[in-house]
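No value in this document is a laboratory result; all are computed from the given coordinates. Predicted, not measured: the structure shown is a model, and the values here were computed from it. All Cβ positions, glycine included, derive from the backbone under ideal geometry; neighbour counts span all protein chains shown.
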Amino acid sequence: MTSSRSTNRAWAVAALLTTVATSYAQAAEIELFPGQSFEAAVEALDPGDTLIVHAGSYADTGRISITVRGTAAAPVLIKGADGEALPQITRPASAQAQNTINIEGATHLRITRLEISSNGGDGINLSGTPSFITLDNLEIHDVDVGINFRSSMHDITARHNHIHHTGQNGGTGEGMYVGCNDAACVVSDSLIENNWIHDTRASTQGDGIEIKHGSHSNVVRDNVIHDTGYPCVLVYGTVGNPVNVVEGNVMWNCGDSGIQAAADAIIRNNIIFGGSANAFNSQSHQGATPGNLQFVHNTLIGGSPCLRLSGWSGRPGLVIANNAIYCDGDDFAIGGLTGVTVAGNVVVPATSALPATGYRVGQGAAADFLDASARNVYPRAGSSLIDAGATGQVTAIDFNGNARGGTPDAGAYDYSTAQNPGWTVVAGFKNVASTPALPSLAFSADPTSVESGAPTLLSWSATDASTCTASADPATAGWSGAKATSGSQTTGGLAATTRFTLACSNAAGTTSRSVTVNVGAAPAPPPVVTLNASPASVAVGARSTLSWTSEHATGCTASGAWAGNKPATGSEQTPALNASSSFTLACTGAGGTTERSVTVTVTGGGGNPQPEPPSDGGGGSLGWAELALLGLALARRLRVSAPRPRARAAGRPPAGDAICRPCVDRRTAR
């Protein structure tokens, strides 16, 4: 038979443990400090987690593999702490030729604000068909390959990363290596933008960005690339898939070629300073034959040769139009151009390598550009480039991202003012001031558990967001489509457990958050029982009257100095009492069983009175074991749901502190 104290005690323990279990299933924010293991932290992440890495050096000896499979509703974030220097993730001497970070099959993962170096391996190596990965605001240096896309994958974004001094220990040394030889793996629908890549020459190859044969539907834009061992940008062919787009990039001191392309690409609005290498080179290469290739609205300055086109004659879909091609001399290496569209170019000097109908002769770099020697190739007023382009091949925007209007100008820029209205070409990131951060988003529900048919209140606030879109699983009326960037909304009555999602976007991308509201029948309350004796003290041989009431009970059972089934409410006279006696009544309902006891004291030598059990207001007192269990559960809950407090004044935890326990212990506690 269950006592009233043990019944209410069980309810309290169950409620707290349920809360703890719920918090374990929610996303965690984990803080990592120097002296702790970056490897252990990232390998223990769950969907929805955020790992904040504080400034300092992390040099794990083990292989670092990130495999967490986040979702659109529960993405994973690994970031350097805001307002601090970039934390340094590196490899010790004992980890020769190991990649610093391996991303293997992960999904919906963002890594940002880290400094990454190596000891002979790649900075970041992606494999195992990952998807929806964002790598941004990283500095990657003294590695072999900066970012290596080494398996089939899709929806990868590499943005605003500084990659330099690659090719460590004599490796191939590409800034970014995208795909596999002979289309053995395919990278698609990915974006490589606004990166700064340079000094890849201490390598056996050292391309800036190389898109391998078969990879398709990728965009390479607004990157600054210089001082490379092989071409600054190299693309092959897509094997019949949609084209790759290379646009708005600037490059100089490129090994072999500024841009080399075989087929299946749109190359537009780029600026190439050729130097001693080819400025633009197109030829058959590793299984790709020229075809389906547009080279439009680019500016080429110098090169040896400045333009090399091989195997173009009679090939389909080839266009060279609206370019500014300024060579140091008649330095062209062009084969036949039968069937090739050549139109709207401005060329210096005049050449027989191009059909005369396909270009006009410019005045020279000094007359047509503001200062080509300082890499300022914006057109001067009166430049030969103005209104020289062919309307049939015009691009919608120019190198600065400004809309082209009227008769198109040749070259990467559209002339609009006497001075360049956009970014000045320098060694650094293009358009730094205009590079937005991803939105930040807070999203919650109150309450997160409701009865069937009851609503909940959703509240959210997004910063740096232009649009927000709501969805729910299962679909719920009222929570779908466009939402304001901040607000609150009461849902309709919920019939089933529902995951609510809000995705807020800006030009940099999308941040999603989700919250699950559990729906179920309300738990039945425990019975409420009162039991009284009147009088509570009698003489030997006298009687007392017991009376009781109960709520939420279907029946009661007596024990102690009386027995048998009793109605839910009633009164009954005791037998003649010769000694103090205890009467217990246990009433049972859908919510459990509640006991109450009362003692009738007999005076006049009828025995020692029995003390009444301590009153707890109907709930009972918790014993030491229950208190310990509650304390342990509460501690575990706080360790998961609360951010790790900052360490002592030195900014780090005590010596010997283990790796961020919410990150690791909660896994073993499950």
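The table below gives the values:
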item: Sequence ranges 268-280, 572-584, ranked by mean other-Cβ count within 10 angstrom, highest first; result: 268-280, 572-584
item: Whichever lysines have a C-alpha closer than 28 Å to that of LYS212, once near sequence neighbours (fewer than 8 apart) are set aside; result: LYS430
item: Those lysines that a straight Cα-Cα span of less than 20 Å connects to LYS566, excepting residues fewer than 8 apart in one chain; result: none
item: Three-way shape call for the stretch 183-240 based on the alpha-carbon gyration tensor, with the a/c threshold at 1.5; result: oblate
item: Highest-first arrangement of 374-380, 141-147, where packing means the average Cβ count within 10 Å; result: 141-147, 374-380
item: Alpha-carbon spread of the stretch 27-433, three principal axes, descending order, Å; result: 66, 43, 40
item: Neighbourhood charge, 13 Å Cβ-Cβ cut-off, centred on GLN168 and excluding it, Lys, Arg +1 and Asp, Glu -1; result: -3
item: Neighbourhood net charge (12 Å Cβ-Cβ; Lys/Arg +1, Asp/Glu -1) for PRO290; result: +1
item: Net charge contributed by nearby residues that have their C-beta within less than 13 Å of ILE325 (K/R +1, D/E -1); result: -2
item: Shape of the stretch 388-471, Cα gyration tensor, a/c cut at 1.5; result: prolate
